[in-house]
1. Relative to the Cα centre, what is the charge dipole magnitude of region 141-295, using +1 at the beta carbon of each Lys and Arg, -1 at the beta carbon of each Asp and Glu, and rounding to the nearest 20 debye?
2. Take every Cα pair under 8 Å in the chain that's 6+ residues apart, average their separations, divide by the length, and report that relative contact order as a whole percent.
3. Averaged per residue, what accessible surface does the chain expose to a 1.4 Å probe, in Å²?
4. Report, by chain and number, residues whose modeled amide H sits under 5 Å from the one on F241, excluding near sequence neighbours (fewer than 5 apart, same chain).
5. Projected onto the charge dipole of the chain (+1 at Lys/Arg Cβ, -1 at Asp/Glu Cβ, origin at the Cα centre), which of A307, P93, V254 gives the Cα projection farthest towards the positive end?
6. Under 17 Å between alpha carbons, and skipping anything fewer than 8 positions from K234 in its own chain: which aspartates and glutamates qualify?
7. Which of the peptides 307-320, 142-155, 64-77 is most tightly packed, and how do the rest follow, judged by the mean count of other Cβ atoms within 10 Å per residue?
8. Would you mind checking which residues have amide H under 5 Å from L177's amide H? H placed 1.01 Å from N; only 5 or more apart, or other chain.
Amino acid sequence: MECAAVSAPLSSHPLPSQTNTPPEGKRPPEHLRRIIGSPPGPIVAFLTRGVWALLTWLSPAARDALARFVASLAYTLGIRRKVALDNLAQAMPEKSEAERRDIARGAYLTMARVVVESLPSGDRMTPDWDQQGIEGEEAWAALKAHVATGKGALLVTAHFGNWELVGQMLIRWGIPLNALVRPLKGALNTRIAVNRLGAGAGLIYPKGAIQEITDAVNRGESAYMLLDQALPAKSAVFVPFFGRLASTTPAMAVAAERTGVPVFVVMGVRPPGPGARYRLEVEGPILPPQPGEFADPITEHTARVTAALERAIRRHPEQWLWLHRRWKVQPPALVTAPSPGLTEGPK
């Protein structure tokens, strides 16, 4: 989730009494088990504790009913509806207006489900969470084989399905990981960070992130990052995404160049019905260009991985957050069109 930049460490947030990590799960080092940001004030903290307790007490079916109600209400009230429909009109002009509205409603439901499924303590997934199948079994086998060598990988996802629970699923499947995050602000983001730690993930913040990723993969821990957020132009590379140039962090490609470890796209696709269960879709390894193949290998590698994200979103567009202003940052005047090769990724 997008978080504002703040600086005060949070030192007194208890972890959930139950974790979602198997007993043999490998824990990240202590310095990655800290929450940096602004805690909620005492009144907000008191009120939200009651909300977290209620969500923990509700059954999966009740949580899903609540998510549907909240999503319907937000769409009806028009909260970011114009943003979502404008994004869809530009990204998918081939679809009818009715189809795009249905996709937008699905995006609202996806967002609401992420919230109500990610905030409870204890076990947030259904007993059959690992029985939904894996699409991309060859890529999944390659990822597992690489992790078995004792080095981590670079795992890329998007605001799709429930990226929080997909990270938890990967940990349960024996892939220790650290999530790249921004410093946190407010009760909602703080709670999600607490639950990430409770699930066994470490937290890597922007300052010194490349070195932290390098150290982590050498310890056998993978880095888990979202690659679909807009950055200020001076910090970003611009790559095609649904036919438009989008500002994107180069951190993944820089880390891949620095560490030499493979990049995999991992997405959790939610099947119909209530309950937090997701089918894993894996693509990779997505390789960087060969030396000398492109003048800007960092941008090209970022484009290849972004193309894989786009393919997954096109298959299940209702599960991506079209409410996000993904294209709000315009490229510099000199960057007016993608370079040759940027629109082509591995198929």
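The values are calculated or read from the model by the stated rules, or taken from the named source; none is laboratory data. Worth saying up front: this structure is predicted, and the values here are computed from it rather than measured. Note: ideal-geometry Cβ built from the backbone for every residue, glycine included; neighbour counts use all protein chains shown. Remember, those area values only see protein heavy atoms, side chains included, never the ligands or the DNA or RNA. Shrake-Rupley method; radii C 1.70, N 1.55, O 1.52, S 1.80 Å.
1. Computed about the Cα centre, the dipole is about 460 debye.
2. 25 percent
3. I get 44 Å² per residue for this part.
4. Residues meeting the amide H criterion: A246.
5. Of the candidates, P93 comes out farthest on the positive side.
6. Within reach: D296.
7. Descending mean neighbour count gives 307-320, 142-155, 64-77.
8. Placed amide hydrogens put G202, S222 under 5 Å from L177.
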